[in-house]
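The values are calculated or read from the model by the stated rules, or taken from the named source; none is laboratory data. As the structure is a prediction and not an experimental result, all values here were calculated from the model. Neighbour counts run over all protein chains shown; Cβ positions are idealised from the backbone, glycine included. Areas reflect the complete protein model, heavy atoms only, side chains present, ligands, DNA and RNA absent. Shrake-Rupley method; radii C 1.70, N 1.55, O 1.52, S 1.80 Å.
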Amino acid sequence: MSALEENITRIHIDDKEYVLVGTAHVSKASAEQVKSVIEKEQPDSVCVELDEQRFQSIQNGDRWKNTDIFEVIKNKKATLLLVNLAISSFQRRMAKQFGIQAGQEMIQGIESAEEIGAELVLADRNIQITFSRIWGNIGFGGKMKLLLSIFYGIFSNDKISEEELEKMKSQDMLDGMLQDLTDNFPKLKKPLIDERDQYLAQKIKDAPGEKVVAILGAAHVPGIKEEIHKEHDLKKLKQRPPKSKVPKIIGWSIPVLIVSIILYTFFSNPAAGTQQTISWVLWNGSFSAIGAAAALAHPLAIVSAFIMAPITSLNPLIAAGWFAGIVQAYFRRPNVADFETLSDDVTSVKGFWNNKVTRILLVVVLANIGSSLGTFIGGADVIRLFLENL
């Protein structure tokens, strides 16, 4: 097999030929191979593993400059943005290690398609829908485990050789990776791999012309080889999962229970009721303030977290971290330079804490986590005092 044919899968359906190019997303060799394959095959269409949002991100490198951090907090997207940045951190570090641009093979696919006049097809599902379907399928324990794994990627200094990176495109290595994914996050594989295989396969199958080249992450090639022979409902695959009512019920039940216990205690034993109130305020406020302080928040943002946590913990519609984040953004407003260096800063722990944008996101998230811990500990202490004074 020639070097050009390596990592290439050819599929014929009726009178149409599909050329699948399995790539590693930060491999220089992958980008070079994409260019060679498209120039040699001269396809009618080129499919890339991108959605509209990621395509626009590639086309508009200055997108961060237009970000309104207040709108991010207001629209409850601080955690999502921080997770997005954390996920990209590992890929960017590897790209930096090899002196190439992350996603260079997709960029090359776009450029080569334009050079030969082929139609460009954005074949991937919207990343927000994928995250939504992942988040809705893994439960509370899975969410915590996934977040820890993602943020471990920020702290890890592990390096990978380019030889190991190229091995990721081999079938044996790929099977091993998917097996690890299934073992660690059984419910994650379906929305992240299986559903996207189906979506990508259908988009590739529907691409115009008699010859189609598809640029794909190697992990998707085995699945697409099977799914491309089937018909898939794209509309169904784009549906967001219905929101469970359980979190909302729990979210309102806890504050109702806490307020009821404190009010009852006040009527029967005012001194004990006062003690319960103080305990609730101190546990909630202290943990939220500690979270904000861990993010190196402005002193007034830390104070804001302390004051707001006991109040917001009684209302699931608002969160202490939002107020702390807004105060942080007001006193430490990011400038253009912060947004310009954001992509590089997220490749290190120091950068995450030094960049004003990511520090605001950390303030929001860590203050909220602290407030949640304070709610459970403070609530348990309120119940303890209630039982002692029955």
note = Packing-ranked peptide list from 198-206, 230-238, 106-114, highest mean Cβ count within 10 angstrom first, is 198-206, 106-114, 230-238
query = Which value, in Å³ per residue, describes the convex hull spanned by the Cα atoms of segment 233-324?
reply = 113
Highest-first arrangement of 380-390, 303-313, where packing means the average Cβ count within 10 Å = 303-313, 380-390
query = How much accessible area per residue does segment 191-337 have, in Å², with a 1.4 Å probe?
reply = 52
remark   = Per its Cα gyration tensor (rounded if a/c is under 1.5, else prolate when a/b beats b/c, else oblate), segment 323-380 is best filed as oblate
key: Label-point separation in nm, V246 to W353, each point 7 Å along Cα→Cβ   = 3.6
key: Three principal axis lengths of segment 228-287 [C-alpha, angstrom, descending]   = 72, 24, 12
query = Which order do T274, T23 take when ranked by solvent-accessible area (1.4 Å probe, heavy atoms of all protein chains), largest first?
reply = T274, T23
query = Using alpha-carbon positions, what is the distance between the centroids of segment 329-370 and segment 244-281, in Å?
reply = 35
